[in-house]
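Any read-out appearing in this document is the output of simple, stated calculations on the displayed coordinates, not a laboratory observation. Please read all numbers here as calculations on a predicted model, not as lab measurements. Neighbour counts are summed over all protein chains in view; Cβ atoms, including those assigned to glycine, are modelled from backbone coordinates with ideal geometry.
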Amino acid sequence: MNFKEKLEKITKKNNSLLCIGLDIDKEKIPKHVFKTSKNPFFDFNKNIINSTKDLVCSYKLNMAFYEALGKEGYELLQKTIQHIPNEIIIILDGKRNDIGNTAKKYAQSLFEILKADAITTNPYLGIDGIQPFLEYKDKLSFILCKTSNPSAEDFQNLKINETPIYQIVAKKIKEWNKQNNCGVVAGATYPTELKIIRKILGENIPILIPGIGKQGGDIKKTVENGINKNGEMAIINSSRGIIYAGKDENYAEASRKTALELRDTINQYR
């Protein structure tokens with residue numbers, strides 16, 4: 001089963017475009033977890049996954065939060081991935097990119113060792129830095145196009161012959177999608193640009209959409225501008241707003257409640 005087949009299957013089964021970002025942060029995890037657990041980070045992730053796995057199409061793990069923990073973090077990353085049900089999409093968000101053999105090793109570590117279904121990567125180096133990831137034909141590479149952060153406009157909206165760079169990138173991604181395994185990262189905080197990107201990409205390229213929740217992206221505009229005509233091919237991510245919804249022993253239940261509300265709100269506009 002390739003990435004798109006897996007995505008379509010889990011989207012239908014869980015009736016969901018929701019992706020939950022498992023961005024662990026000791027300062028935000030309820031304090032009692034560290035007092036009652038021998039493996040607090042893993043137990044936190046495990047409980048979030050167990051409480052939400054029927055509500056999502058994907059989990060996204062931002063690698064910086066794990067790498068900051070050193071050896072323990074790498075082991076935690078592996079254990080968390082192993083705990084996620086096989087039917088659910090696993091995205092490793094490291095925005096890796098380099099040229100030649102270095103990019104090849106990044107791809108090998110993410111797809112072969114850590115068993116990701118999809119990764120994020122940066123197009124700044126051109127196809128040299130993307131091609132090693134695309135060699136994994138059944139996996140998917142989400143390529144940065146229009147990111148959700150405020151200073152994205154510093155470069156991404158600069159124009160070349162009256163065309164903003166983010167649109168040039170979107171056209172390149174469509175060109176690179178010869179093996180049907182490219183995706184795009186486009187932020188919910190720029191709904192007009194998101195709509196343009198979907199028009200450039202067409203119906204069949206998935207868009208990973210961060211920026212709702214704590215970053216303030218509008219859910220209605222995000223859904224309407226990001227989905228294809230079948231109401232699919234958009235993966236809408238929320239991290240802190242879901243996994244840190246609860247502050248006490250019932251944090252997993254609070255996360256489920258928040259995730260359910262967000263999934264259902266997203267579905268209202270599909």
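With each run of n ≥ 4 DSSP H residues scored as -39500 (n - 2.57), what mean residue ellipticity at 222 nm is computed for the chain after dividing by its residue count and rounding to the nearest 500 deg cm²/dmol? Before the final figure, lay out the partial values.
On the way: 13 runs with 122 residues, N = 270.
When only DSSP H runs of four or more count, the value is -13000 deg cm²/dmol.
Are there trypsin sites (Lys or Arg not before Pro) in region 72-151 that DSSP marks as loop and that have at most 12 other Cβ atoms within 10 Å, and which are they?
Details: sites: K79, K95, R96, K104, K105, K115, K137, K139, K146; in loops: K115, K137, K139.
In loop regions of region 72-151 (DSSP not H, G, I, E or B), the sparsely surrounded trypsin sites (Lys or Arg not before Pro) are K137.
Tell me, M1, M63 in order of fewest to most beta-carbon neighbours within 10 Å? Present the calculation step by step, with values, prior to reporting the outcome.
Working: M1 12, M63 21.
The fewest-first ordering by Cβ neighbours comes to M1, M63.
Among S16, S37, what is the fewest-to-most ranking by other Cβ atoms within 10 Å?
Details: S16 25, S37 14.
Ranked by crowding around the Cβ, least crowded first: S37, S16.
Could you let me know the centre-to-centre spacing of region 51-97 and region 119-145, using Cα atoms, in angstrom?
Cα centroid of region 51-97 versus Cα centroid of region 119-145: 19 Å apart.
Multiply the residue separation of N204 and N149 by 0.36 nm, subtract the distance between their alpha-carbon atoms, and state the gained length in nm to one decimal.
17.3 nm
Which GluC sites (Glu not before Pro) from region 1-48 combine a DSSP loop assignment with at most 11 other Cβ atoms within 10 Å?
Values: sites: E5, E8, E27; in loops: E27.
Here the GluC sites (Glu not before Pro) that fit, given the DSSP loop and packing criteria, are E27.
From the Cα gyration tensor of the chain, with a ≥ b ≥ c the square roots of its eigenvalues, which class applies: rounded if a/c is under 1.5, or else prolate if a/b is larger than b/c, or else oblate? Each step should come with its number before you reach the end.
Working: a/c = 1.67, a/b = 1.34, b/c = 1.25.
Because a/c hits 1.5 or more and a/b exceeds b/c, the chain counts as prolate.
Please work out how many pairs of lysine residues in region 122-229 are eight or more positions apart (or on different chains) and have Cα atoms closer than 12 angstrom. Spell out each step's value before the answer.
Numbers: K137/K178; K146/K195; K171/K199; K174/K199; K195/K221; K199/K229.
Lysine pair count for region 122-229: 6.
Pairs of Cα atoms under 8 Å, at least six residues apart: use those to get the relative contact order of the chain, whole percent. Display every interim value, and only then the final one.
On the way: 500 pairs, mean separation 56.5, N = 270.
Answer for the chain is 21 percent.
So which GluC sites (Glu not before Pro) in region 161-270 pass both tests, a DSSP loop state and at most 12 other Cβ atoms within 10 Å of the Cβ? All intermediate terms of the calculation are to be shown ahead of the outcome.
Values: sites: E162, E175, E193, E203, E224, E232, E249, E253, E261; in loops: E162, E203, E232, E249.
Listed in order of number, the matching sites are E162, E203, E249.
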